[in-house]
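Novice: Here you go, one structure.
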Amino acid sequence: MPSEKENKQYVDVALPVPVDRFFTYKVPPELSGDMDIGSRVRVRFGRRKLTGYVVGFRPKPGGGFKIRDIEKLVDEIPLINGELMKLAEWISSYYVHPLGEVLKVMLPASVKGKPRKSARNADEASFPLEIESPRLNPQQQEVFGAVSESLKKGEYANILLHGITGSGKTEVYLRCIKEAVDMGKRAIVLIPEIALIPQLTIRFTRRFGSRVAVLHSRLTGAQRHRIWKRAAAGELDVVIGPRSAVFVPMKDLGIIVVDEQQDMSFKQHEKPHYHAVDAADFRAKELGAVLLMGSATPSLISYSRAREREGGYFRLGSRPLEGELPPVQIVDMRGRKEALSGELLDALESRIGRGEQAIVLLNRRGHANFIQCSKCGWIDRCPNCSISLTYHSRSSNLICHYCGHEKKPLPKCPECGSYKMRRAGMGTQRIEIELSNLMRGVRIARMDLDTTSGQSGHADILERFGRHEADILLGTQMVAKGHHYPNVTIVGIVAADSGLNFPDYTASERTFQLLYQASGRAGRGSRKGKVIVQTYAPEHPIFGYLVNHDFDRFAEQELSLRGELKYPPELEFILFTISSRSSRSAKAASMKIRDALAGKFSGKVFVLGPAPAQIYKLRGRFRFHIIVKGRFDPALKKDLVETAREVVSGARAADLEWNVEPAGLY
């Protein structure tokens with residue numbers, strides 16, 4: 001019988017390459033005792049050196065290939081443990097991507113970056129104080145009781161907490177996590193926006209002290225590595241972070257909380273296109289843990305599924321201390337030339353004059369959406385992407401928000417020679433200037449991607465607002481959800497309908513979620529709030545639901561429509577994107593894939609397309625979409641993807657990507 005050392009002479013390694021197979025390497029004698037499943041290793045692959053992951057051992061290699069040696073063992077203790085390896089295998093199977101690519105996303109190969117100054121801690125004094133462990137109301141207590149029961153039994157539970165804005169969902173999270181920690185278990189808290197981290201971190205550290213760590217994209221690799229090691233060693237009780245935090249190797253994980261469950265950022269937009277909420281559900285199921293998801297506007301898919309599960313849906317329908325939801329006023333902007341209505345300006349002046357504060361939402365960046373010739377209508381577009389360039393007044397440049405292309409505005413039109421070039425549309429910079437001009441002395445804190453660079457960008461702005469050093473918090477969607485400022489009594493929403501006509505079946509859902517969440521920032525303290533919504537489409541049904549704060553009626557109508565059209569959750573989607581530097585090659589490959597899928601899977605799925613993608617040209621590549629609708633088991637998904645890949649492998653100069661259950665169709 002071979003010894004354990006002999007059994008570890010060769011290893012199978014998953015590499016971050018687009019090939020669905022493992023590669024065998026020989027283990028040097030000096031490393032044989034240190035190698036384990038999940039170990040990261042450096043190997044030669046062709047002419048390259050790659051970091052891969054050990055997924056299995058064998059006493060001897062198969063086939064007649066020349067076997068290379070492992071060159072280096074990266075970690076003394078594997079950062080991918082057995083539980084996380086199972087999660088990686090599930091993601092690989094469910095989203096049909098090679099295991100090596102999944103593992104690379106879970107733990108980037110380079111975790112040792114140059115140390116730089118860490119983001120400073122948020123200033124506690126800048127955020128509103130909370131009542132320490134307030135008494136739970138009956139609805140909150142019902143949720144807590146269900147979670148507590150599952151924690152005590154060590155049983156898996158998937159719970160959707162659907163609570164109106166300001167109803168005390170965060171207090172339920174804190175109480176449930178405290179219950180888990182008291183039992184010797186630990187927690188992961190997933191949040192969608194880095195802007196939510198400062199305030200949420202303060203609330204958690206007030207309750208759990210120094211055993212809380214925060215992950216986000218602005219940490220160095222070394223900082224992230226330290227958090228992983230502390231989590232694996234049981235030195236942390238709570239880890240807070242965006243979607244990648246779902247992979248943290250928490251010891252004795254008992255509960256995963258997902259705040260703002262509906263947010264699109266939980267879906268990875270690059271391959272392997274995993275959804276963090278689904279990954280969290282798999283981890284909870286495997287560990288016998290609780291998945292607690294919360295939202296005022298849950299995704300319609302989760303809302304539909306949770307209501308069908310016994311014990312899977314709980315509702316918080318009121319604000320603590322009998323606080324009221326703010327009234328919503330719809331302002332019809334048709335026929336008006338001004339960007340800010342008199343109704344909104346009067347309300348802002350009145351409330352700010354009383355020492356209160358305001359939030360103004362515009363879901364766009366930049367000073368003006370684009371530069372256009374007033375004579376012939378020509379628009380300055382990105383040469384690499386089929387979208388207009390955005391004008392930014394601080395740099396006086398035009399910038400593409402997809403590929404980063406930057407240039408100075410042209411003095412005259414290249415089409416007709418006219419010098420009548422105008423700035424069309426509106427953005428946060430323009431709204432900031434108009435507010436400053438129309439409201440003398442008003443203090444504005446603008447928060448968008450252009451003002452939040454650096455590790456502490458979000459915290460700096462939010463702390464200023466929390467200290468009342470600014471009267472208005474102005475920004476894009478990052479100001480719309482999760483923030484709790486009792487002194488905010490007025491919320492203004494500019495261009496509220498801008499997303500309604502987006503060519504995507506989720507357009508109404510996303511718009512309603514954004515408006516409802518933003519509305520909920522008003523009136524969270526003792527003073528009553530108000531919301532003013534400016535729109536050019538006041539007759540659209542979602543504004544009626546918004547005025548009545550009626551998510552259920554909106555969901556009922558939208559789900560009924562999706563059922564008729566066979567959109568999710570009625571059927572599932574796989575989105576295939578075919579791209580090439582030649583539009584002709586991209587279209588030809590798309591047609592071949594469509595024919596292959598429609599022919600081979602006739603009667604099993606619906607094949608739609610090909611059609612030009614919404615962003616037809618992106619980073620120099622022309623793009624076509626094919627949508628496959630159906631009910632997919634793992635074998636069918638894999639067969640669909642393999643069929644499309646076989647077609648592309650014979651196509652000239654075309655690339656293929658696939659996205660199982662896409663969050664959008666851009």
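Novice: Using the heavy atoms of the protein chains and a 1.4 angstrom probe, tell me the accessible area per residue for the chain in square angstrom.
Specialist: 44 Å²
Novice: 7 Å from Cα along Cα→Cβ at both D595 and H468: what's the point-to-point distance in nm?
Specialist: Between D595 and H468, the label points sit 7.2 nm apart.
Novice: Sort segment 40-82 into rounded, prolate or oblate with this rule: let a ≥ b ≥ c be the square roots of the eigenvalues of the Cα gyration tensor; rounded if a/c is under 1.5, and if a/c is not under 1.5, prolate when a/b is larger than b/c, oblate otherwise.
Specialist: oblate
Novice: Right, another one. Considering only Cα-Cα distances, which of the following residue pairs are longer than 28 Å: K72/K637; K185/K229; K267/K617; K267/K629; K337/K375; K229/K481?
Specialist: K72/K637; K229/K481
Novice: Shifting gears a bit: Can you pull the semi-axes for segment 416-508, root of five times each eigenvalue of the Cα gyration tensor, sorted largest first, whole Å?
Specialist: Square roots of five times the eigenvalues give 27, 20, 14 Å.
Novice: Could I ask something else about it? Quote to one decimal, in nm, the extra length available between C376 and I77 on full extension: 0.36 nm per residue of separation minus the C-alpha distance between them.
Specialist: Contour length minus the Cα-Cα distance gives 101.1 nm.
Novice: Something else about it: Relative to the longest principal axis of the C-alpha atoms of the chain, give the angle of the C-alpha long axis of helix 583-600, reported between 0 and 90° and rounded to the nearest 10°.
Specialist: On a 0 to 90 degree scale, this one is about 70.
Novice: Then there is this: Could you state the angle between the C-alpha long axis of helix 276-287 and the longest principal axis of the C-alpha atoms of the chain, as a value from 0 to 90 degrees rounded to the nearest 10?
Specialist: Once rounded, one gets 50 degrees.
Novice: Give the lysines whose C-alpha is closer than 18 Å to that of K86, dropping any in the same chain fewer than 8 places away, or say none.
Specialist: K104, K251, K285
Novice: Carbon-plus-sulfur fraction of the accessible area of segment 221-270, 1.4 Å probe, in percent?
Specialist: Carbon-and-sulfur percentage of accessible area, whole number: 47.
Novice: Something else: At what distance in angstrom do the alpha carbon centres of segment 228-244 and segment 8-44 lie from each other?
Specialist: 26 Å
Novice: Rounded to two decimals, what ratio of Rg to Rh does segment 225-291 give with C-alpha atoms and a Kirkwood Rh?
Specialist: With Rh from the inverse mean 1/r over Cα pairs, Rg/Rh is 0.96.
Novice: Another one. Cross-link candidates for K587: which aspartates and glutamates have Cα within less than 17 Å, leaving aside residues fewer than 8 places away along the same chain?
Specialist: D595, E646, D655, E657
Novice: Using only C-alpha positions, report the orientation-averaged shadow area of the convex hull of the chain, nm², one decimal.
Specialist: 32.8 nm²
Novice: Related question: Sum up the charges of everything whose Cβ sits under 14 Å from the Cβ of G82, counting Lys and Arg as +1 and Asp and Glu as -1, but leave G82 out.
Specialist: Neighbourhood net charge equals -1.
Novice: Along Cα→Cβ, 7 Å out, is where each label goes; now give me the distance between the ones at S560 and E338 in nm to one decimal.
Specialist: 3.9 nm
Novice: When the accessible area of segment 535-666 is computed with all protein chains present and a 1.4 Å probe, what percentage of it is carbon and sulfur?
Specialist: Answer for segment 535-666 is 51 percent, counting heavy atoms of protein chains only.
Novice: As I understand it, the value is the acute angle between the Cα axis of helix 82-94 and the longest principal axis of the Cα atoms of the chain; what does it come to in degrees, rounded to 10?
Specialist: Tilt of helix 82-94: around 70 degrees.
Novice: Just tell me which lysines come within less than 19 Å, Cα to Cα, of K66; anything on the same chain fewer than 8 places away is out.
Specialist: Qualifying lysines at Cα under 19 Å: K8, K26, K49.
Novice: Another question, then. Specify whether the C-alpha gyration tensor of segment 293-333 places it in the rounded, prolate or oblate class, a ≥ b ≥ c being the square roots of the eigenvalues: rounded for a/c under 1.5, otherwise prolate if a/b is larger than b/c and oblate if not.
Specialist: Because a/c hits 1.5 or more and a/b fails to exceed b/c, segment 293-333 counts as oblate.
Novice: Hey, another quick one. Taking the Cβ of F543 as the centre, find all other residues whose Cβ is under 12 Å away and add up their charges (Lys, Arg: +1; Asp, Glu: -1).
Specialist: Combined, the nearby Lys, Arg, Asp and Glu give -4.
Novice: While we're here: Using the Cβ atoms and a cut-off under 10 Å, what net charge is assigned to the surroundings of V277, where Lys and Arg are +1 and Asp and Glu are -1?
Specialist: Spelling it out: positives minus negatives among the neighbours equals -1.
Novice: Placing one identical point scatterer on every Cα of segment 171-248 and ignoring solvent, what is log10 I(q)/I(0) from the Debye formula at q = 0.11, 0.19, 0.25 Å⁻¹?
Specialist: Taken in order of the listed q values, log10 I(q)/I(0) reads -0.25, -0.77, -1.34.
Novice: Moving to a separate point now. Taking square-rooted eigenvalues a ≥ b ≥ c of the alpha carbon gyration tensor, is segment 507-666 rounded, prolate or oblate, where a/c under 1.5 means rounded and, failing that, a/b exceeding b/c means prolate?
Specialist: Prolate, since a/c reaches 1.5 and a/b exceeds b/c.
The values are calculated or read from the model by the stated rules, or taken from the named source; none is laboratory data. Note that the coordinates shown come from a computational prediction; the quantities given were computed from them, not determined experimentally. Glycine gets a Cβ as well: all are built from the backbone with ideal geometry, and neighbour counts include every protein chain shown. For the accessible areas, the whole protein counts, side chains as well, though only heavy atoms, and no ligand, DNA or RNA atoms are used. Shrake-Rupley method; radii C 1.70, N 1.55, O 1.52, S 1.80 Å.
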